[in-house]
Each structure stands twice: as structure tokens, then as C-alpha cells.
1. Which one of these is touching a residue at least 60 places away in the same chain (Cβ under 8 Å), surrounded by fewer than 16 Cβ atoms within 10 Å (Cβ to Cβ), of a type outside the set (Phe, Trp, Tyr) and assigned to a loop (DSSP other than H, G, I, E, B): SER67, SER21?
2. Which residue pairs have Cβ atoms under 8 Å apart, sit 6 or more places apart or on different chains, and have a first residue in the stretch 25-47 that is more than 17 Å from SER4 (Cβ to Cβ) and a second that is hydrophobic (A, V, I, L, M, F, W, C) and in a loop (DSSP other than H, G, I, E, B)?
3. Can you spot a residue in the stretch 7-15 that is of a type outside the set (D, E, K, R) and either in contact with a Gly (Cβ under 8 Å, 6 or more places away or on another chain) or modelled with pLDDT under 95 (or both)?
4. Of the residues that sit in the stretch 1-18 and are of a type in the set (A, V, I, L, M, F, W, C) and either closer than 24 Å to THR70 by Cβ or touching a residue at least 24 places away in the same chain (Cβ under 8 Å) (or both), which one is surrounded by the fewest Cβ atoms within 10 Å (Cβ to Cβ)?
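The values are calculated or read from the model by the stated rules, or taken from the named source; none is laboratory data. If you're wondering where the values come from, they're calculated on a predicted model, not measured in any experiment. Cβ: placed from backbone, ideal geometry, glycine included. Neighbour counts: every protein chain shown.
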Amino acid sequence: MHESAIIRDLMARVESEIDGSQEKVVTLRFRVGALSGIGPGSIEQGARHYAFEAWGYEPQVDVEQSSDHTDPNALGVMLVSIGLGS
């Protein structure tokens with residue numbers, strides 16, 4: 001349940017960032033905090049599933065795992081970048 005809420009929030013952020021764009025989201029990049037308790041695979045699969053359900057296609061999703069426990073974002077998952085294309 002916790003992971004699905006995080007994925008929904010992340011993808012809502014993506015949709016907010018691309019609002020009005022006529023281009024497709026071709027890549028998404030996320031960073032998982034060292035203390036988040038979430039595996040990169042869960043974010044990758046969840047984002048792909050969300051995109052397919054909402055947009056009808058799956059973009060490439062890359063997720064990096066931080067090992068820095070002192071990072072201010074160590075407890076969360078961050079949207080790093082959105083790649084748009086046709």
C-alpha cells in the first residue's frame with residue numbers, strides 16, 4: 001500500500017510537469033533514498049504499470065538507489081528527470 005501511494009504521487013508529479021505537452025514521455029528517471037525502504041524494482045514496475053494504465057504505453061524507467069544515509073532525501077523517492085519525444 002505504501003509503495004503504491006508513493007508511485008501515484010510520483011506519477012502525479014510527472015503529469016503535472018508535462019501538463020500541456022504534446023510529446024510522449026519516453027524516459028523517466030527516479031532516485032530512491034537510502035532509508036526509504038523501497039526497492040528500485042518496485043518503483044520501476046509501478047511507474048511502468050501506471051503509465052500503461054493512464055497513457056496506454058510504457059516509457060523507459062530508470063531508478064537509481066542512493067547509498068547516502070545523510071542525504072536530505074534519504075527517506076523518499078525523487079523524480080530526477082523526464083525525457084519527452086515523439
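1. SER21
2. Pairs found: VAL25/ILE18; GLY33/ALA74; GLY33/LEU75; ALA34/ALA74; LEU35/ALA74; LEU35/LEU75.
3. Yes, the stretch 7-15 has at least one match.
4. Restricting attention to the stretch 1-18, the residues satisfying the condition of being of a type in the set (A, V, I, L, M, F, W, C) are 1, 5-7, 10-12, 14, 18.
Filter once more, so that each one left must be either closer than 24 Å to THR70 by Cβ or touching a residue at least 24 places away in the same chain (Cβ under 8 Å) (or both): 6-7, 10-11, 14, 18.
Working: ILE6: 19, ILE7: 22, LEU10: 20, MET11: 21, VAL14: 21, ILE18: 14.
It comes out as ILE18.
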